[in-house]
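Since the structure comes first, as structure tokens, the remarks are kept for the end.
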Amino acid sequence: MHDDELKITRHDPSLYNEDLAPIPHGKRSWGWFEIFNVWSNDIQSLFGYSLAASLFIIYGLNGWAVMAAIILAGFIVMVLVNLSGKPSVKYGIPFPVLVRASMGVRGANLPALLRAIVGIFWYGVQTYFASTAVALLLTALFGDPGGQFLGLSAIGWLAFVIVWLFQLAIFWAGIERIKHFLNWAGPLVYVVMVALMIIVWFKAGDELLPAIDTIFSSSGDYEGSDLSAFLAITGTMIAYFAAVVINFGDFTRFVRSEREMKLGNLLGLPLNVAFFSFIALIITAGTVALFGDALINPSEIIERVDSLPLTLIAAITFFAATVGINLVANFIPPAYDLANLFPSKISFRVGGLITAIIAFFVGALWLAVISRIGIPGFVNVLGAVVAPFYGIIVVDYYLIRRQKLNIQDMFSSEPGSTYYYDNGWNRKALIAFGLAALFSLSSVWIPTLAALDGYAWLIGAGLGGLFYWGLMGKERKRLAYA
């Protein structure tokens with residue numbers, strides 16, 4: 001599209017501010033490398049590594065099968081984000097504006113609010129994980145004076161506050177500063193992870209690789225078949241990326257072309273996941289051989305290795321990677337989502353400040369309260385809440401509207417405008433979301449549906465799109481003859 005077509009000539013103040021407006025192609029500066037680093041930082045964060053490593057333990061599969069399931073998830077997510085990211089590359093709009101096409105200009109506030117809640121939770125959790133790297137650094141330099149409150153030592157609380165303030169400062173500096181931060185943080189983490197893998201491999205000796213086939217086979221409490229375990233791992237990893245998948249347009253609106261988006265996704269997802277899961281496999285197996293325990297937190301592994309130079313370098317890089325993805329995946333989306341609720345009162349920056357304040361308490365309670373439900377369960381529940389919106393958005397854009405949006409009416413609340421529906425709400429989309437979300441959440445919470453463990457996100461997204469397609473029958477026919 002030409003930049004002139006993206007200019008908003010009329011708008012409702014309750015639907016528009018400069019942060020939500022389309023970004024002209026001429027003002028976009030992101031390429032494939034920036035998209036690659038969105039994924040590299042996401043995968044390489046402390047939380048991402050801990051989740052991947054825990055999957056090697058929980059399901060009792062041999063390490064190579066777990067690695068294959070994680071890589072398969074990378075391919076699936078690549079396809080999903082290519083679909084959800086394309087509209088924002090074309091029109092330059094963020095997720096909460098894009099979803100107005102299917103949910104209505106007012107109804108879009110529901111997915112925006114739910115996505116904001118998910119983002120704020122992730123932001124708080126990732127802030128805690130980033131703080132463990134800083135705590136490791138501070139402890140190595142100054143020791144730990146002891147004492148605990150809500151599961152955190154004095155050093156732990158100091159590290160948490162430092163990370164929280166640092167992230168807020170980077171965000172406040174703007175999207176370009178975040179981009180530069182990501183571009184050096186992602187590659188640097190790879191250097192440290194490879195170094196840690198080599199050290200563990202060297203210390204474990206020649207028996208490490210043969211042991212991988214059997215070292216996990218007797219562990220784990222999973223009672224299903226190997227195939228169901230394989231699919232559950234794949235589903236859980238897809239759910240881990242779910243929050244980014246649905247609002248990927250928040251990032252692709254900065255990308256110069258669809259081709260660069262797809263290249264960044266190819267390099268950043270299946271290829272990146274393959275390499276990183278191999279590193280996680282070797283290190284996890286090595287910790288069993290070296291320490292007798294399967295350690296899933298890189299900070300704890302480095303502490304056991306007992307090398308001060310490695311500890312210092314690793315603490316800095318793990319901190320950088322976790323902060324990087326936190327800013328992009330868990331700070332930018334809620335900032336947009338909250339701005340979408342009250343555009344005339346909440347700017348992008350104010351939305352980010354609200355996000356940071358609420359997330360502070362989430363992160364502070366992670367260790368003592370939230371983590372008790374388990375990492376995979378936490379990922380699946382949060383993913384299940386927003387999953388139906390993905391199916392609704394994709395079906396609406398590709399199958400119903402045939403990749404054509406009225407960008408002017410995205411910001412109009414005039415009765416009869418394209419996305420006004422019923423007082424700004426598309427009731428059919430709401431019904432589709434409610435039915436799909438009920439089923440996907442049930443697959444996580446109801447014991448009799450335990451066989452669907454790990455599939456919640458895919459079920460929710462698929463059902464959301466299916467129900468929406470069926471309920472929008474008249475709209476499909478009208479647009480087909482328009």
Of everything in region 200-238, what is closer than 15 Å to residue 63 by Cα, among the hydroxyl-bearing types (Ser, Thr, Tyr) and either in contact with a His (Cβ under 9 Å, 6 or more places away or on another chain) or at pLDDT 75 or above (or both)? Give them in sequence order. 234
Hey, can you tell me all the residues within region 294-343 that are touching a helix residue (DSSP H, G or I) at 6+ places or on another chain (Cβ under 8 Å), modelled with pLDDT of 75 or more and outside any helix (DSSP H, G or I)? 331
Can you find, within region 28-77, the residue that is modelled with the lowest pLDDT among those that are not aliphatic (A, V, I, L, M) and not in a helix (DSSP H, G or I)? 45
Can you tell me which residues in region 119-154 are in contact with a Pro (Cβ under 7 Å, 6 or more places away or on another chain) and either among the β-branched types (Val, Ile, Thr) or not in a helix (DSSP H, G or I) (or both)? 120
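Determine, yes or no, whether residue 156 is over 21 Å from residue 252 (Cα atoms) and either of a type in the set (Val, Ile, Thr) or under 19 Å from the mean Cα position of the chain (by Cα) (or both). So that I can check it myself, show each step before the final result.
Working: over 21 Å from residue 252 (Cα atoms): yes; either of a type in the set (Val, Ile, Thr) or under 19 Å from the mean Cα position of the chain (by Cα) (or both): no.
In short, no.
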When you go through (1) at pLDDT below 80; (2) small (Gly, Ala, Ser); (3) surrounded by 19 or more Cβ atoms within 10 Å (Cβ to Cβ) one by one for residue 151, which number turns out not to apply? (3)
Quick one: count up the residues across region 155-175 that are in a helix (DSSP H, G or I) and modelled with pLDDT under 80. 1
Modelled with pLDDT under 90, under 25 Å from residue 99 (Cα atoms) and assigned to a helix (DSSP H, G or I), is that true of residue 244? yes
So, of the residues in region 340-364 that are more than 17 Å from residue 123 (Cα to Cα) and not polar (S, T, N, Q), which turns out to be surrounded by the fewest Cβ atoms within 10 Å (Cβ to Cβ)? 345
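Which residue is farthest from residue 18 (Cα to Cα), if the candidates are limited to region 75-104 and must be in contact with a strand residue (DSSP E or B) (Cβ under 9 Å, 6 or more places away or on another chain) and among the hydrophobic types (A, V, I, L, M, F, W, C)? Walk me through it before giving the result.
As a first pass, look at region 75-104 and keep what is in contact with a strand residue (DSSP E or B) (Cβ under 9 Å, 6 or more places away or on another chain): 85, 88-89, 103-104.
Then keep just the ones that are among the hydrophobic types (A, V, I, L, M, F, W, C); that gives 89, 103.
Numbers: 89: 18, 103: 22 Å.
Top of the filtered list is 103.
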Can you say whether residue 18 is among the charged types (D, E, K, R), in a helix (DSSP H, G or I) and surrounded by fewer than 23 Cβ atoms within 10 Å (Cβ to Cβ), as far as the supplied structure shows? no
Of the conditions (1) in contact with a helix residue (DSSP H, G or I) (Cβ under 6 Å, 6 or more places away or on another chain); (2) touching a residue at least 24 places away in the same chain (Cβ under 8 Å), residue 346 satisfies every one except a single condition; which number is it? (2)
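The values are calculated or read from the model by the stated rules, or taken from the named source; none is laboratory data. Keep in mind it's a predicted model, so treat the numbers as computed, not measured. Note that we place each Cβ from the backbone using ideal geometry, even for glycine, and neighbour counts take in every protein chain shown.
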